[in-house]
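As structure tokens, the structure follows; a few thoughts come after it.
Nothing in this text is a laboratory measurement; each read-out follows from the coordinates by a stated rule. As the structure is a computational prediction, the values presented were derived from the model and not from experiment. Note that each Cβ is placed from the backbone with ideal geometry, even for glycine, and that neighbours are counted across all protein chains shown.
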Amino acid sequence: MAKRLVLVIDQERCIGCETCTVACNLENSPAAGPWIRVETRDARIKDTPVGRYPELRMEFLPRLCMHCTCPPCVDACPTGALVKRDDGPVILDEAQCDACMSCQDACPYDVILFNEEKGAVEKCHLCSHRIDQGLEPFCAICCEGQAIHFGDLEDPDSKVAQLVRDRETFQLKPELGTGPSVYYCPPLKRRRLV
Ligand code: SF4
């Protein structure tokens, strides 16, 4: 069976430290900024508490390319620069990018950045250069809170399959039918409060 590589991000463990963004910068040197950003789910402003006094809490949502199962960016790219790999990652061949920005318009997750120096777009490739060496994406390795899990969802013994099976999870904008490969486990406190 083909692999289905995914990320599961546990909001219970995310402390908003942004080590993932630093890790992304170190590993990939993206000129347009890190390909993973830490935001809140709704306000998209990181330092906004959630809830009502006295039950206020901080809640963080690292956002990156969703490595969609049906990626609109790939369909929109006229040069074939964007490709969906069989094992999951959506990767970009910068040399083929003509900067038409069709992918940016098509992506519903606002995760494609423009690199002015190169005159091409940039996006997370799930550290595919590391995956191909049997390593994990660098953000997952470096996460201080061990909130980012990477693995094959088709392997029932993997941590990601366990989390998706045993914890409540959600995906971003599932109604669009893009099939995100990034799953989030909501904070346990949220479930206790509601
Ligand atoms: Fe493409 Fe955006 Fe989906 Fe990533 S999140 S695969 S850039 S449509």
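What to note about this one:
- Histogram of C-alpha separations across the stretch 5-185, 10 Å bin width, %: 9, 37, 38, 14, 2, 0
- Other-chain or far-sequence residues with amide H under 5 Å of Glu12's (modelled H): Leu188
- Where only DSSP H runs of four or more residues are counted, the chain gives -5000 deg cm²/dmol as its mean residue ellipticity at 222 nm, each run worth -39500 (n - 2.57).
- Tally of Lys pairs whose C-alpha atoms are under 30 Å apart, taken over the chain, 8 or more apart or cross-chain: 18
- About its Cα centre, the dipole of the chain is roughly 820 debye, where the only charges are +1 on Lys and Arg Cβ and -1 on Asp and Glu Cβ.
- The relative contact order of the chain comes to 32 percent, based on Cα pairs under 8 Å that sit 6 or more residues apart.
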